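Enquirer: Sharing a structure, written as structure tokens. Questions coming.
The values are calculated or read from the model by the stated rules, or taken from the named source; none is laboratory data. These numbers come from a predicted model, not from an experiment. All Cβ positions, glycine included, derive from the backbone under ideal geometry; neighbour counts span all protein chains shown. Note: areas computed on protein heavy atoms with side chains; ligands, DNA, RNA excluded. Shrake-Rupley method; radii C 1.70, N 1.55, O 1.52, S 1.80 Å.
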Amino acid sequence: MIITGKYPNLRMRRSRKEEWSRRLVRENSLSGSDFVLPIFVTDGKNRKVEIKSMKGVYRYSVDNLSSIIDRAINNKIPMIAIFPETNKKLKDLKGSEALNENNLVCKAIRNVKKKYKNYIGIMCDVALDPYTSHGHDGIIKKNEILNDETVEILIKQALLQAEMGCDVIAPSDMMDGRIGKIRKELDRKGFKKIQILSYAVKYSSSFYGPFRDAIGSKNSLKGNKKTYQMDYGNSDEALREVSIDIKEGADMVMVKPGLPYLDIIKDIKNRFKIPVLAYQVSGEYSLLTNAIKNRILKPEAIYETLLSFKRAGANAIISYHADYLDKILK
Ligand code: PBG
């Protein structure tokens, strides 16, 4: 129960009267350690190309990652997430390129680990969508995304990323049973210390549009992902997903997208006491940056939004804004 006073003895505005006083009683704050920075990698040399639907976000060639990673480390960001824009010619029905040890993600992991050692963590998605010609996260037979057959490939993909030096394996595919199977295989091959961050609660969302453009799967995606990603009418189901993944061995769980799902973040945090990450996805990024560019919102809207994830209980936020922390935290 909350015990409180009564007006006129009590005046809530007293603590809001000055900036110092507001700071004194503030319950939540943001720092560099609260962020994960997503980075898109692409082919070529010395390249940095802006993504049309995500102003201010770029695809980098693997040899050109130093500036963005140096900035992240200076801002105390603990981890980056690597996403590839795979050449169309390398995409096929089974997503074979996912298992190529010289694919973009593998090259990027090796380069970054060699240069930066453990000054920053690396997280990688486990899912086939950057590599399949149809843009789905798994393999298809007669219009069905096959679960168990896909998981067998995901296990190999996770193992390959671990061998390359990836620190955190992040299955984002929403197949059933994959966390347990990946954990078991990682352990069997001696990767007991590799962490698993499960995209346990990933909704089938319209907010992923710009990301699909960034990794070049937007135009090829056939249909939607509703048979494996969650229905956004549900919240009990989110708790079930999390409890399953915890039992299967997840170290951390993700809720995705972010802002429309603050209720879910809070619920998970309160019930499971496990590290929860919020993914402020591409569509959320683009909405905010466009509104700011068009002077519909003030830039402080970014800070307000990011802080809301902390207030809801997130331990960290995966955000494209994380490349602009100098400005945001000022
Ligand atoms: C791949 C994946 C997606 C995102 C992260 N990993 C897209 C999807 O499921 O279609 C979206 C991230 C974003 O929109 O910023 N499984």
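Enquirer: What is the percent carbon and sulfur in the accessible area of the chain, measuring with a 1.4 Å probe over the protein chains and ignoring ligands? Could you put the intermediate results ahead of the total?
Expert: Working: 8590 of 17080 Å².
Within the chain, the accessible surface is 50 percent carbon and sulfur.
Enquirer: Test of understanding: in a Gaussian network model of the chain with alpha carbons linked when under 10 Å, which of Arg59, Arg13, Arg71 would top the mean-square fluctuation ranking?
Expert: Greatest mean-square fluctuation among the candidates belongs to Arg13.
Enquirer: Which value does Rg/Rh take for the range 1-115 over its C-alpha atoms, Rh per Kirkwood?
Expert: Values: Rg = 23.2 Å, Rh = 18.1 Å.
With Rg and the Kirkwood Rh in hand, the quotient comes to 1.28.
Enquirer: Oh, and also: How big is Rg to Rh over the range 30-328, alpha-carbon atoms, Rh as the Kirkwood inverse-mean-distance radius?
Expert: Working: Rg = 17.8 Å, Rh = 19.1 Å.
Using Cα coordinates only, the ratio equals 0.93.
Enquirer: By what distance, in whole Å, do the Cα atoms of the range 177-270 stretch along each of the three principal axes, largest value first?
Expert: 39, 33, 20
Enquirer: Right, next: Students often forget the sequence filter, so: which aspartates and glutamates lie under 15 Å Cα-Cα from Lys225 once same-chain residues fewer than 8 apart are removed?
Expert: Here the aspartates and glutamates satisfying the reach criterion relative to Lys225 are Asp129, Asp137, Glu144, Asp173, Asp176.
Enquirer: What is the calculated FRET efficiency for Lys45 to Ile3, with r their C-beta to C-beta distance and R₀ = 51 Å, to the nearest 0.05? Write down the numbers at each step before the final one.
Expert: On the way: r = 65 Å, r/R0 = 1.28.
My answer for the efficiency is 0.20.
Enquirer: To continue, here is another question. Can you compute the helix-only [θ] at 222 nm over the chain? Use -39500 (n - 2.57) per DSSP H run of at least 4 residues, normalise by all residues, nearest 500 deg cm²/dmol. Intermediate results must be reported in sequence, preceding the final value.
Expert: Values: 11 runs with 118 residues, N = 330.
So the helix-based figure for the chain works out to -10500 deg cm²/dmol.
Enquirer: Checking the cross-link filter: which lysines have an alpha carbon closer than 27 Å to that of Lys6, excluding same-chain neighbours under 8 positions apart?
Expert: Correct list for Lys6: Lys17.
Enquirer: State, in angstrom, two size descriptors of the range 81-229 derived from its alpha carbons: Rg to one decimal place and Dmax to the nearest whole number.
Expert: Final numbers for Rg and Dmax: 14.6, 46 Å.
Enquirer: Then there is this: For Ile296 and Ile244 in the same chain, what is the full-extension length gain: residue separation times 0.36 nm, less their Cα-Cα distance, in nm?
Expert: Numbers: separation 52, 0.36 × 52 = 18.72 nm, distance 4.22 nm.
Full extension of this stretch gives 14.5 nm more.
Enquirer: What distance in nm separates the simple spin-label points at Ser206 and Lys192, each placed 7 Å from Cα in the Cβ direction?
Expert: Calculated label separation equals 4.9 nm.
Enquirer: Would you be so kind as to identify which of Leu259, Phe272, Ser217 lies farthest towards the positive end of the dipole of the chain, taking Lys and Arg as +1 and Asp and Glu as -1 on Cβ and the Cα centre as origin?
Expert: It is Leu259.
Enquirer: With the crude spin-label approximation of a point 7 Å out along Cα→Cβ, what separation in nm comes out for Lys55 versus Asn100?
Expert: Each label point is offset 7 Å from its Cα along the Cβ direction, giving 3.5 nm.
Enquirer: By average Cβ neighbour count within 10 Å, what is the ranking of 149-156, 133-140 from highest down? It would help to have the intermediate numbers written out before the result.
Expert: Details: 149-156: 18.9, 133-140: 21.4.
The peptides rank, most packed first, as 133-140, 149-156.
Enquirer: Within the range 21-112, how many Lys pairs sit with Cα atoms under 27 Å apart, leaving out pairs fewer than 8 places apart on the same chain?
Expert: 24
Enquirer: A follow-up question, please. What does the accessible area per residue of the chain come to in Å², with a 1.4 Å probe and no ligands, DNA or RNA counted? Intermediate results must be reported in sequence, preceding the final value.
Expert: Working: 17080 Å² over 330 residues.
Averaged over the residues of the chain, the accessible area is 52 Å².
Enquirer: Give the lysines reachable from Lys273 as a straight Cα distance under 24 Å; neighbours fewer than 8 places away on the same chain don't count.
Expert: Lys181, Lys184, Lys192, Lys193, Lys202, Lys247, Lys256, Lys310
Enquirer: Given R₀ = 30 Å, what would the calculated FRET efficiency be for Asn219 paired with Glu152, taking r from the Cβ atoms and rounding to 0.05? Walk me through the numbers on the way to the answer.
Expert: Values: r = 28 Å, r/R0 = 0.94.
Given R0 = 30 Å and the Cβ-Cβ separation, E is 0.60.
Enquirer: Moving on to the next point. For a label point 7 Å from the Cα of Asp251 along Cα→C-beta, name the residues of the range 81-124 whose backbone N is under 16 Å from it.
Expert: What the label zone holds, given the 16 Å backbone N cut-off, is 81-82, 118-124.
Enquirer: Which percent, to the nearest 5, of DSSP beta bridges fully inside the chain are antiparallel? Write out the running numbers ahead of the final one.
Expert: Working: 6 of 40 bridges.
Roughly 15 percent of the beta bridges in the chain run antiparallel, per DSSP.
Enquirer: Given Cα pairs under 8 Å that are at least 6 residues apart, what percent is the relative contact order of the range 30-328? All intermediate terms of the calculation are to be shown ahead of the outcome.
Expert: On the way: 580 pairs, mean separation 56.3, N = 299.
Relative contact order for the range 30-328 comes out at 19 percent.
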